[in-house]
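I have placed the structure first, in the form of structure tokens, so that the comments after it can refer back to it.
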Amino acid sequence: MTRLKAFLLRHQLLSFFGLAYAISWALWAPVLTERLSVRGTWYATLLLFVGGFGPFLSALLLTYVELGFSGVKSILGRLVLWRVSFGWYLVAFYGFPIYGLLATVLIGVSSPISTFSALQTVFLVLPLSIGTRFLVAGPLGEELGWRGYALPRLLATSNAWVASAVLGCLWAFWHTPLMLVPDWRGTVTVNLFFTIYPLSLVALTLIFTWTYLGTGGSLLIAMLLHASYNATLYLFDELFGLGQVDAWTTNAVSAAMLWVAVLVLVIVRGSSLRSGG
């Protein structure tokens, strides 16, 4: 066994996060110029897309080092682990849209009547968007790493809360270079990115952890949930003009509601989140 392999096996999580960050940030680096950050530049778009696969590539490489091709086959197989309770598909497709509809009322961008009238659009259009537009860009490149590789190793030594807090923060700050890309950043300011954004992703990670435990580690459900979250943000901005609302308000309400969802999970399922089947 070489020294490098021994180090990678001894420090699996450190190796994974270091490699995931390194791959993604190296690919995103050329995009962080004014010339390449303009929307529509094909090579900037390509680098942004490929850079999102840093966690995916890191997980595959380290799984191969540890377990060989059989391990790689096993972890890839969880991407198509579809035999789970139908309820998990409802959670993945419609959990975040319902949460988003409530949020639009709370921040005052939509009345209850207007929000109710948008239900048909949300419930019919969103699943189509998830499958055709949002499943590959983001979820596929990330979930094999975050939930497929890192989460089970964090859970092996920590409870769901600690594991999710660590993973949520590292997931959040992995996005740091993208703060320099206007199309990704949107209305998220630097202050929001280093305050409310990590809080949101820790809450989000707790929800993902619940689904991971409840589905026996299905990465397909994790990908659908991730895609649903992204699609909800995009569709609701189109429907309700969220970009016109004060950024602190929208982000603070979003984070607060994610934590309310976590609180509901704790009340219903217990603090370990392991009873969620």
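Looking only at region 58-87, count how many residues are among the polar types (S, T, N, Q) and over 27 Å from residue 25 (Cα atoms). Working first, answer last.
Pass one, region 58-87, residues among the polar types (S, T, N, Q): 58, 63, 70, 74, 85.
Filter once more, so that each one left must be over 27 Å from residue 25 (Cα atoms): 70, 74, 85.
Number satisfying all stated conditions: 3.
Consider region 72-100. How many of its residues are closer than 18 Å to residue 140 by Cα and among the small types (Gly, Ala, Ser)?
Of the residues in region 72-100, 3 are closer than 18 Å to residue 140 by Cα and among the small types (Gly, Ala, Ser).
Conditions: (1) surrounded by 18 or more Cβ atoms within 10 Å (Cβ to Cβ); (2) over 24 Å from residue 62 (Cα atoms); (3) of a type in the set (Asp, Glu). Residue 183 meets all but one. Number of the miss?
Answer for residue 183: the failing condition is (1).
Does residue 164 satisfy being buried (at least 18 other Cβ atoms within 10 Å of the Cβ) and among the polar types (S, T, N, Q)? Before the answer, list the steps.
Details: buried (at least 18 other Cβ atoms within 10 Å of the Cβ): yes; among the polar types (S, T, N, Q): yes.
It is true that residue 164 is buried (at least 18 other Cβ atoms within 10 Å of the Cβ) and among the polar types (S, T, N, Q).
Can you tell me which of 49, 96, 116, 56 is part of a helix (DSSP H, G or I), modelled with pLDDT of 95 or more and among the aromatic types (Phe, Trp, Tyr)? Full working, then the answer.
Values: 49 fails: modelled with pLDDT of 95 or more; 96 fails: modelled with pLDDT of 95 or more; 116 fails: modelled with pLDDT of 95 or more.
The match here is 56.
Search region 53-86 for residues being surrounded by 15 or more Cβ atoms within 10 Å (Cβ to Cβ) and β-branched (Val, Ile, Thr), and hand back the single one that is farthest from residue 223 (Cα to Cα).
Taking the candidates together, the pick is 65.
Using beta carbons and a limit of 6 Å, which pairs, at least six apart or on different chains, have the first residue in region 62-89 and touching a residue at least 60 places away in the same chain (Cβ under 8 Å) and of a type in the set (Ser, Thr, Tyr) and the second one in a helix (DSSP H, G or I) and surrounded by 13 or more Cβ atoms within 10 Å (Cβ to Cβ)?
Here the result reads 63/71; 63/72; 63/75, each pair linking region 62-89 to a residue that is in a helix (DSSP H, G or I) and surrounded by 13 or more Cβ atoms within 10 Å (Cβ to Cβ).
For residues that are assigned to a loop (DSSP other than H, G, I, E, B) and either under 13 Å from the mean Cα position of the chain (by Cα) or at positive phi (or both), tally how many sit in region 208-229. Lay out the reasoning, then the answer.
Taking region 208-229 as the starting set, the residues that turn out to be assigned to a loop (DSSP other than H, G, I, E, B) are 215-218.
So of that shortlist, the ones also either under 13 Å from the mean Cα position of the chain (by Cα) or at positive phi (or both) come out as 216-217.
Matching residues across region 208-229 total 2.
Filter region 55-86 down to residues that are of a type in the set (S, T, N, Q) and under 15 Å from residue 15 (Cβ atoms), then give me how many there are. Outline the logic, then answer.
Filtering region 55-86 for residues of a type in the set (S, T, N, Q) gives 58, 63, 70, 74, 85.
Going one step further and asking which of them are under 15 Å from residue 15 (Cβ atoms), we end up with 58, 63.
Residues that pass the stated criteria total 2.
A quick yes/no check of all residues on (1) at pLDDT 85 or above; (2) farther than 22 Å from residue 156 by Cβ; (3) not aliphatic (A, V, I, L, M):
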| residue | (1), (2), (3) |
| --- | --- |
| 189 | no, yes, yes |
| 210 | yes, no, yes |
| 215 | yes, no, yes |
| 219 | yes, no, no |
| 243 | no, yes, yes |
| 246 | no, yes, yes |
| 264 | yes, yes, no |
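Answer with yes or no whether residue 205 is assigned to a helix (DSSP H, G or I) and either polar (S, T, N, Q) or buried (at least 19 other Cβ atoms within 10 Å of the Cβ) (or both). Talk me through it step by step, then tell me what you get.
On the way: assigned to a helix (DSSP H, G or I): yes; either polar (S, T, N, Q) or buried (at least 19 other Cβ atoms within 10 Å of the Cβ) (or both): yes.
Answer is yes for this residue.
Can you name the residue in region 19-46 that is among the hydroxyl-bearing types (Ser, Thr, Tyr) and at pLDDT below 95 and, of all such residues, is nearest to residue 136 (Cα to Cα)? Working first, answer last.
Keep residues of region 19-46 that are among the hydroxyl-bearing types (Ser, Thr, Tyr), which gives 21, 24, 33, 37, 41, 43, 45.
Now drop any that are not at pLDDT below 95, which leaves 33, 37, 41, 43, 45.
Details: 33: 25, 37: 21, 41: 20, 43: 18, 45: 14 Å.
Among those residues, the one meeting the criterion is 45.
The values are calculated or read from the model by the stated rules, or taken from the named source; none is laboratory data. Quick caveat: nothing in here was measured; it's all calculated off a predicted structure. Using ideal geometry, Cβ is built from the backbone for each residue, glycine included, and neighbour counts are taken over all protein chains shown.
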